Amino acid sequence: MPKLIDHEKRKEEIAEATWRVIVKLGMEGATVRNIAKEAGLSLGALRHYFSTQDELLIYAMQLVKERATARIEKIALLEDDPPKDKIMKLVLELVPTNQEKMAEMEVWFAFTAYFRHKQEVFDAQHDGIYRGLQKIINYAEQFHMLPKQVDKDLETERLYALIDGLALHALLEPKRVDKERIERVLVYHLTALFDGGASK
């Protein structure tokens with residue numbers, strides 16, 4: 001009896017092979033040939049799942065986003081955490097504090113640069129992070145954690161810039177901007193913001 005192949009699982013395995021190639025060789029090394037070799041497939045077998053390189057890269061990029069979103073949603077659904085702890089966990093999930101997230105971040109930055117001039121194919125800027133941060137700031141407001149006169153749009157933009165900056169610095173200078181430093185900076189920033197709300 002022929003072996004049944006889980007096509008969606010195989011596509012995910014190819015996407016994961018794509019991530020590994022990008023981490024090792026950069027986007028210039030993410031050729032269909034190199035990805036097929038990393039995935040242990042022939043070129044013909046890979047093209048059975050993805051007819052073009054862009055189709056493969058878009059799928060691999062969306063999978064990064066889906067997996068990160070799933071982790072964040074899991075945290076958001078936890079009912080026992082106090083609001084402040086939940087917000088801290090959600091924000092920390094957006095920065096590279098372990099090897100898996102560091103690889104995802106490196107791949108995401110590479111994808112963003114690659115697709116920057118191909119917005120008709122895929123708009124890499126729509127990573128969902130800004131919208132997620134808007135929800136976090138609104139959530140903090142619901143629990144009276146923000147100063148009364150706070151500009152929520154500016155606070156969202158500031159937090160977004162802080163997260164992107166930490167992620168980029170962690171990628172470029174991992175010894176200086178390590179997990180502990182990232183956590184300290186974010187906790188410092190959010191504590192100052194929330195203490196401002198508590199004092200009003």
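The values are calculated or read from the model by the stated rules, or taken from the named source; none is laboratory data. Being a predicted model, the structure only gives us computed values, none of them experimental. Because the Cβ atoms are built from the backbone with ideal geometry, glycine has one as well, and the counts that use them run over all protein chains shown.
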Point to revise | Selected residue [modelled with pLDDT under 90 and not in a helix (DSSP H, G or I)] from His117, His144 | key: His117
Check your understanding: Which of the residues belonging to the range 40-90 are over 11 Å from the mean Cα position of the chain (by Cα), surrounded by 14 or more Cβ atoms within 10 Å (Cβ to Cβ) and β-branched (Val, Ile, Thr)?
Key -> Ile58, Ile75, Ile87
Practice item. Could you list all residues from the range 35-56 that are within 18 Å of Ala103 (Cα to Cα) and out of contact with any Ser or Thr (no Cβ under 7 Å at 6 or more places or on another chain)? Key: Glu38, Ala39
Check your understanding: For Leu171, are the conditions met, namely being over 14 Å from Met102 (Cα atoms) and among the aliphatic types (A, V, I, L, M)?
Key -> no
Point to revise | Filtered residues of the range 179-200 (kept if of a type outside the set (D, E, K, R), loosely packed, with under 15 Cβ neighbours inside 10 Å and either modelled with pLDDT of 95 or more or in a helix (DSSP H, G or I) (or both)) | key: Val187, Tyr188, Thr191, Ala192, Ala198
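Each row is one residue, and each column tells you yes or no for (1) farther than 30 Å from Gly196 by Cα; (2) among the small types (Gly, Ala, Ser); (3) in contact (Cβ under 8 Å) with a residue 60 or more places away in the chain.
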| position | (1), (2), (3) |
| --- | --- |
| Glu55 | yes, no, no |
| Met61 | yes, no, yes |
| Glu73 | no, no, no |
| Leu77 | no, no, no |
| Met102 | yes, no, yes |
| Met105 | yes, no, yes |
| Ala113 | yes, yes, yes |
| Glu120 | yes, no, no |
| Phe143 | no, no, yes |
Exercise for review: Among the residues of the range 150-178, write down those that are assigned to a loop (DSSP other than H, G, I, E, B), in contact (Cβ under 8 Å) with a residue 24 or more places away in the chain and farther than 26 Å from Asp81 by Cα.
Suggested key: Pro174
Review point. Is there a residue being over 22 Å from Glu104 (Cα atoms) and surrounded by fewer than 16 Cβ atoms within 10 Å (Cβ to Cβ) anywhere in the range 6-21?
Key: yes
Review point. Just a yes or no: is a residue in the range 101-111 loosely packed, with under 15 Cβ neighbours inside 10 Å and in a helix (DSSP H, G or I)?
Key: no
